[in-house]
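Visitor: The following block contains the structure, expressed as C-alpha cells.
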Amino acid sequence: MKKKTFKNDFPKLLSKFLMVYLPKQRGFSSNTVTNYSYAFKELFEYMKEKENINPSKITIEMLGYASIISFLDYLENEKGVSANTRNNRLAAIKSFMTYVSYEAPEYVNTCSTVSKIKMKKFESKPMNYLTVEATEFLFSTFDQNDPGDLRDLCIILLLYESGARVSELTAIRRSEIKLKAPHTLILHGKGNKSRIVPIDASVVRIIKRYTDLYGIDAEDFLFMNIHGEQLSRKGVAYIVNKCFQRAKQMNPSLFPERISPHSLRHSKATHLLENGVNLIYIRDLLGHASVTTTEIYSKTNPEIKRKHLEEAAQNLIEEEEFNEDEKDNLEEWLNKMIR
C-alpha cells in the first residue's frame, strides 16, 4: 500500500508573504521586510532547538496558539529579549497568519488561535536625548581635517539635522541632497513614503567637503563601508557610540549613560519643541503618520511640561472676566446645545 503524503504549504506561503505581499502589495520598506524575516529566523531556531523540528518540516498546523506562546516565552526567558522585541516578533507572526487565513482558508482555525495572543504590556523607557549644550559639544569634538572624522561628523550631523531614522540615513544617495539653496534632503521612510526635509547651509558645506574628498558620485550611497557597499545600521550604531563615548570622556557631566542613533532624532524633535516649533511641522520633519506619535516628545520632556504649565497659568491670570454681552451669548449658545 502506497504511503499517503501530505502537502506542506508553509514554505510557499512564507515566501510569498515576504517577497510579494509585504513589499509589493502592502508597500513595506526593505527594512520592515528584514525585521519580519528576522522573526521567522528566530522561530526556525526555536523549532529546531526546542521542538526538534527542522525548518523544512514546519507546517502551518504546528504554529498554533500553544507553539507561538512557547516561542515567545523562549525569546524572553532564554534569549533575553525585551517585551517590546517580543511584541514585534508576535506582530510579524500575526500578520503572516492573517495573510494565510485569506490566501489559504483551510488553515483559518489555526490562524484564529494566534490572533487571540495578546501583546505584552511594558513600561516605556525614558526617552534618551541630548541637551542643546551636549549636542553642540559633541559636534565640536570632530577634526574636520581627518577624513574618518569628517565622514563620522557628516553621519551624526545628518541624523540630527534631518531627524532621520537610521534606515533612512543609510538609504540616502548623493543625488538626494540639494547642494544649492534652498538646501533640502530626500528621505525614504516607512511604507516607502518619501519626504523632503530642509537642511541648514552650514551642514551642506560640510557634506560637500566630505563628498568631494571621498569622490562620491551622484548615484552612490552617501555613506559606504570600507568595501564600497551601503553602510549598515550596525555600522551607523558603532560610529555613533564611538563618537559619543569620546565626547563623554571629555565632558562626562554633559551626557547620559548611553545613546543610540535614534537619540539624535529624539534630540532634534525635543530642541524644536523647546523653541516653540509647532508639532505639525515636527511631525512632517520626522515622517510620523499622525501628530499623536509626535506628542510623545512634549509629554516626556519635563522642561516642555513646565513651560506649557507656566503659559497656561499666565493665561488664566491675565484672562478678563466675561462682560454682560458675552454672558448672554454664552447662555444662548448653551440653550441651543441642549434643545
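Visitor: Step through the table entries 118/242; 12/190; 118/248; 12/48; 79/193, compare each Cα-Cα distance with 29 Å, and write down the pairs that go over it.
Guide: Details: 118/242 38 Å; 12/190 26 Å; 118/248 41 Å; 12/48 19 Å; 79/193 34 Å.
In this structure, 118/242; 118/248; 79/193 lie more than 29 Å apart at Cα.
Visitor: Give me the accessible area per residue for region 189-268, probe 1.4 Å, as a whole number in Å². Display every interim value, and only then the final one.
Guide: Values: 4680 Å² over 80 residues.
Dividing the accessible area of region 189-268 by its residue count gives 59 Å².
Visitor: How large is the direction-averaged shadow of the alpha-carbon convex hull of region 201-264, in nm²? Present the calculation step by step, with values, prior to reporting the outcome.
Guide: Details: hull surface 23.0 nm².
With every direction weighted equally, the projected area is 5.8 nm².
Visitor: Report the extension gain between residue 70 and residue 19 in nm, rounded to one decimal, defined as 0.36 nm multiplied by the number of residues separating them, less their alpha carbon distance.
Guide: Working: separation 51, 0.36 × 51 = 18.36 nm, distance 2.70 nm.
Gain on stretching residue 70 to residue 19: 15.7 nm.
Visitor: Would you work out if region 172-223 is rounded, prolate or oblate? Take a ≥ b ≥ c from the square roots of the eigenvalues of the alpha-carbon gyration tensor; rounded if a/c is under 1.5, else prolate when a/b is larger than b/c, oblate otherwise.
Guide: Working: a/c = 2.54, a/b = 1.32, b/c = 1.93.
Since a/c reaches 1.5 but b/c is at least a/b, the shape of region 172-223 is classed as oblate.
Visitor: Grab the beta carbon distance between residue 194 and residue 38, set R0 = 22 Å, and tell me the FRET efficiency rounded to 0.05. Could you put the intermediate results ahead of the total?
Guide: On the way: r = 25 Å, r/R0 = 1.13.
The formula returns an efficiency of 0.35 here.
Visitor: While we're looking at this one, here's another question. I'd like the accessible area for residue 122: 1.4 Å probe, protein heavy atoms, all chains in place, Å² to the nearest 10.
Guide: 100 Å²
Visitor: Pairs of Cα atoms under 8 Å, at least six residues apart: use those to get the relative contact order of region 1-79, whole percent.
Guide: Numbers: 27 pairs, mean separation 24.9, N = 79.
Dividing the mean separation by the residue count of region 1-79 yields 32 percent.
Visitor: I'd like the GluC sites (Glu not before Pro) in region 140-223 restricted to DSSP loop residues with at most 16 other Cβ atoms within 10 Å, sorted by number.
Guide: Those that pass, being in a loop and sparsely packed, are 219.
Visitor: Send over a whole-number figure in Å² for the accessible area per residue of region 1-74, probe 1.4 Å.
Guide: 63 Å²
The values are calculated or read from the model by the stated rules, or taken from the named source; none is laboratory data. Fair warning: this is a prediction, and the values are worked out from it, not measured in the lab. So basically every Cβ, Gly included, is an ideal-geometry build from the backbone, and we count neighbours across all protein chains shown. Ligands, DNA and RNA are excluded from the accessible area calculation, which covers all protein heavy atoms including side chains. Shrake-Rupley method; radii C 1.70, N 1.55, O 1.52, S 1.80 Å.
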